[in-house]
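Undergrad: First the structure, which I've put down as C-alpha cells, then a few questions once you've had a look.
Taken together, the values in this text are just the output of simple stated rules run on the coordinates, not laboratory data. Worth saying up front: this structure is predicted, and the values here are computed from it rather than measured. A quick note on method: Cβ atoms are made from the backbone with ideal geometry, for glycine too, and the neighbour counts reach across all protein chains shown.
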Amino acid sequence: MAIRYAVVALGALRHPKMLSLSDRGVRLWLAGLVYCQEFLTDGRLPAEAVSGLLPGIKITRAHLDELERAGLWTRAVDGWIVHDYLQWNKSRAEVLELRQQWRERQARHRTGA
C-alpha cells in the first residue's frame, strides 16, 4: 500500500537543531514523525499520545521543552505541532487519495481491466 513511511531528510541528524538535542530528544522527535504519519495527523501530536511515543521510556517535561527550544515542536492547545511536517511529508488528504488510487489499480489488475 502507498505511503507507509515518514520522511526524514538526508542530513537531518546533522542539522544544528538536532545537534542540540539529547539522544532521547532525537528519539522522541523521530517517534513523533512516525506517529503523525501512521495516524495521518498532518503533523499534530495530541498531548495524550506523547507519553506513549517511546514505550517503556518516561517522557518528561524537560524532553518536551528540549524539542520546543530547538524549534522542532510547537506547543498547541491540544498537544504539539511538528515543525514543517507537511513540507516533508504528505498530508492526510494526499495519503488517502494515493491509497484510493492504489486500491483502484489493484482492482483493475485483479479483473484484468
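Undergrad: When segment 41-87 is examined, which residues are found to be part of a helix (DSSP H, G or I) and either of a type in the set (A, V, I, L, M, F, W, C) or farther than 24 Å from A9 by Cα (or both)?
TA: First, pick out the residues of segment 41-87 that are part of a helix (DSSP H, G or I): 47-50, 61-69, 85-87.
Answer for segment 41-87, where residues must be part of a helix (DSSP H, G or I) and either of a type in the set (A, V, I, L, M, F, W, C) or farther than 24 Å from A9 by Cα (or both): A47, E48, A49, V50, R61, A62, L64, L67, L86.
Undergrad: Scan segment 25-40 for residues that are surrounded by 14 or more Cβ atoms within 10 Å (Cβ to Cβ) and outside any helix (DSSP H, G or I) and jot them down.
TA: L40
Undergrad: Turning to a different aspect of this structure: Taking the criterion of being crowded, with 18+ Cβ neighbours inside 10 Å and part of a helix (DSSP H, G or I), would at least one residue in segment 4-24 satisfy it? Working first, answer last.
TA: Taking segment 4-24 and keeping what is crowded, with 18+ Cβ neighbours inside 10 Å, we get 6, 21.
From what's left, part of a helix (DSSP H, G or I): none.
Looking for residues that are crowded, with 18+ Cβ neighbours inside 10 Å and part of a helix (DSSP H, G or I), one finds none in segment 4-24, hence no.
Undergrad: Between a first residue in segment 90-107 that is over 18 Å from D42 (Cα atoms) and a second residue that is surrounded by 12 or more Cβ atoms within 10 Å (Cβ to Cβ), which pairs have beta carbons less than 8 Å apart while being 6 or more apart in sequence or on different chains?
TA: Here the result reads Q101/A2; W102/A2, each pair linking segment 90-107 to a residue that is surrounded by 12 or more Cβ atoms within 10 Å (Cβ to Cβ).
Undergrad: When you check V50 against the structure, is it surrounded by 16 or more Cβ atoms within 10 Å (Cβ to Cβ), over 23 Å from M18 (Cβ atoms) and not hydroxyl-bearing (S, T, Y), yes or no? Reasoning before the result, please.
TA: Details: surrounded by 16 or more Cβ atoms within 10 Å (Cβ to Cβ): yes; over 23 Å from M18 (Cβ atoms): no; not hydroxyl-bearing (S, T, Y): yes.
Here the answer is no, as V50 does not meet what is asked.
Undergrad: Let me ask you something else. If you go through segment 33-54 one residue at a time, how many are aliphatic (A, V, I, L, M) and under 8 Å from the mean Cα position of the chain (by Cα)? First the steps, then the outcome.
TA: In the first step, residues of segment 33-54 are kept if they are aliphatic (A, V, I, L, M); the result is 33-34, 40, 45, 47, 49-50, 53-54.
Keeping just the survivors that are under 8 Å from the mean Cα position of the chain (by Cα) gives 33-34.
Residues that pass the stated criteria total 2.
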